[in-house]
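Data block below; observations after.
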Amino acid sequence: MAAAAALTREGGEDAFRRLFRFYRQRDASDLRGVVDFSAPGGQMVRSQLSISSVSDQDAYRAGLQPVSQWKAYGLSGYPGFIFIPNPFLPGCQRHWVKQCLKLYPEKPNVCNLDLHMAPEKTIDLWGQSKEQLKRKGSNKWEPRSLLEKLRWVTLGYHYNWDTKKYSANHHTPFPSDLAFLSEQVAAACGFRGFQAQAGILNYYHFDSSLGIHVDESELDHSRPLLSFSFGQSSIFLLGGLKREEAPTAMFMHSGDIMVMSGFSRLLYHAVPRVLPNPEGTALPSCLDQALSSDLPVGSVIEHSSDEDWQVCAKYLQSSRINMTIRQVLGEGQKFPEESGTNGKGQALSEDSHHENSKAKRHKPNTVS
């Protein structure tokens, strides 16, 4: 921690950038300054949840434990930031992993591969990749499947990476299961009536990072930003309203949920690196757990076949998936009139928010 603290006192480059580079490049064993919510202490404080806002039945339908059993934490100096260590029921994380790999990349949703591949080539990424993934060994020189080349998928209102805006004319139906999950988590955190209108799914590998940015493109900042993580772990940096403010580093493990609201909704943040899960196994133990055969009536969770999970598990051995869900418009809000847009609002670069070790010449990117 002394090394990280010393970096924040140096002049010149902004404090956030220095810490980003520190955690991006340092040996994985030098992580003493990283907050771990699985071992509460230090600047962590308990956060109060709205237990009565989500019935146990609705929590079960979303694949979550009853809210009364969740642990929730905040950080001193970051009002509105809520961290919920894995509140998922056994086996339920598998559903969201499968959706992110098999269903959500399907048309009419949009992914980075659409930017340089013919439409017919990106119709069935799962079908084109599953056999290659199942056969994949440990040789890092093996060609990546199309699923492994995914960097992002957008849902609902599709984010325009060029203009940093959403628009009314580029929208597809938001997945109902993910909307239900998001609404329950938001309600438990005191945001009843949250509407999941846009989602950005990020697909990370061990050489990936997410550049320093603020999520400000949504028209209603009174609604929270929800973040769900699955697979390998990562370091998340949460900074201030200016890049001159040094960030706090924290671990995000599989199943963890993070909520940025209020003051924390518009803070700078980034993911400098992805790390192997701390248990030292190929997959976190929470992903080894089987789903109960007795799902509640109306559950949005579906059983995954053994074959499907075999593909997902192979993918996650070197990867992390993150879902960030947003409400774009407040009640009664409409998008402003636009001029000179390109209809579908697509970006020209697939590297609009990821950095990796093979693309260090790119500036850190922003996502909103």
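The values are calculated or read from the model by the stated rules, or taken from the named source; none is laboratory data. Here the structure is a predicted model, which is why all the values come from computation and not from measurement. Note that we place each Cβ from the backbone using ideal geometry, even for glycine, and neighbour counts take in every protein chain shown. Accessible surface areas use protein heavy atoms only, side chains included; no ligands, DNA or RNA. Shrake-Rupley method; radii C 1.70, N 1.55, O 1.52, S 1.80 Å.
Observations, loosely collected:
- Hey, Arg265 within 16 Å of the chain's Cα centre (by Cα) and basic (Lys, Arg) or not: yes
- Strands (runs of 3 or more DSSP E) contained in region 10-91 and holding at least 3 residues open to solvent by less than 50 Å² (accessible area, probe 1.4 Å): 73-75, 81-84
- Some residue of region 144-156 being part of a loop (DSSP other than H, G, I, E, B) and without any contact (Cβ under 8 Å) to a residue 12 or more places away in the chain: yes
- The C-beta contact set for region 30-54 (first residue within 17 Å of Pro79 (Cα to Cα) and of a type in the set (A, V, I, L, M), second residue part of a loop (DSSP other than H, G, I, E, B) and open to solvent by less than 30 Å² (accessible area, probe 1.4 Å), distance under 8 angstrom, 6+ apart or interchain) comprises Met44/Phe37; Leu49/Trp70; Leu49/Ala72; Leu49/Cys189.
Residue-by-condition table, conditions (1) within 29 Å of Leu31 (Cα to Cα); (2) open to solvent by 70 Å² or more (accessible area, probe 1.4 Å):
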| residue | (1), (2) |
| --- | --- |
| Ala290 | no, yes |
| Pro296 | no, no |
| Asp306 | no, yes |
| Val311 | no, no |
| Asn322 | yes, no |
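- Selected residue [out of contact with any strand residue (DSSP E or B) (no Cβ under 9 Å at 6 or more places or on another chain) and of a type outside the set (A, V, I, L, M, F, W, C)] from Glu218, Glu244: Glu244
- Checked against (1) over 17 Å from the mean Cα position of the chain (by Cα); (2) touching a residue at least 40 places away in the same chain (Cβ under 8 Å), Pro119 meets all criteria but (2).
- Matching residues, region 135-157, being at pLDDT 90 or above and open to solvent by 20 Å² or more (accessible area, probe 1.4 Å): Leu146, Lys149, Arg151, Tyr157
Residue-by-condition table, conditions (1) within 30 Å of Asp288 (Cα to Cα); (2) among the charged types (D, E, K, R); (3) open to solvent by less than 10 Å² (accessible area, probe 1.4 Å):
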{"site": "Tyr159", "(1), (2), (3)": "no, no, yes"}
{"site": "Lys165", "(1), (2), (3)": "no, yes, no"}
{"site": "Phe174", "(1), (2), (3)": "yes, no, no"}
{"site": "Phe180", "(1), (2), (3)": "yes, no, no"}
{"site": "His205", "(1), (2), (3)": "yes, no, no"}
{"site": "Ser222", "(1), (2), (3)": "no, no, no"}
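- Number of residues in region 275-287 that are at pLDDT 95 or above and part of a strand (DSSP E or B): the value is 0.
- Within region 241-261, residues that are under 30 Å from Pro90 (Cβ atoms) sit with their Cβ atoms under 6 Å from residues that are modelled with pLDDT under 95 and open to solvent by 40 Å² or more (accessible area, probe 1.4 Å), at 6+ positions apart or across chains, in these pairs: Phe251/Asp36.
- Scanning region 176-207 for residues that are among the β-branched types (Val, Ile, Thr) and part of a strand (DSSP E or B) yields one hit, Ile200.
- Test: residue in region 269-277 that is under 22 Å from Leu89 (Cα atoms) and surrounded by 15 or more Cβ atoms within 10 Å (Cβ to Cβ): yes
- Considering residues of region 302-327 that are in a loop (DSSP other than H, G, I, E, B) and at pLDDT 90 or above only, the residue nearest to Leu225 (Cα to Cα): Gln327
- Number of the condition not met by Phe191 [criteria: (1) more than 21 Å from Thr154 (Cα to Cα); (2) modelled with pLDDT of 95 or more; (3) open to solvent by less than 10 Å² (accessible area, probe 1.4 Å)]: (3)
- Boolean, Leu266 is under 28 Å from Met44 (Cβ atoms) and in contact (Cβ under 8 Å) with a residue 12 or more places away in the chain: yes
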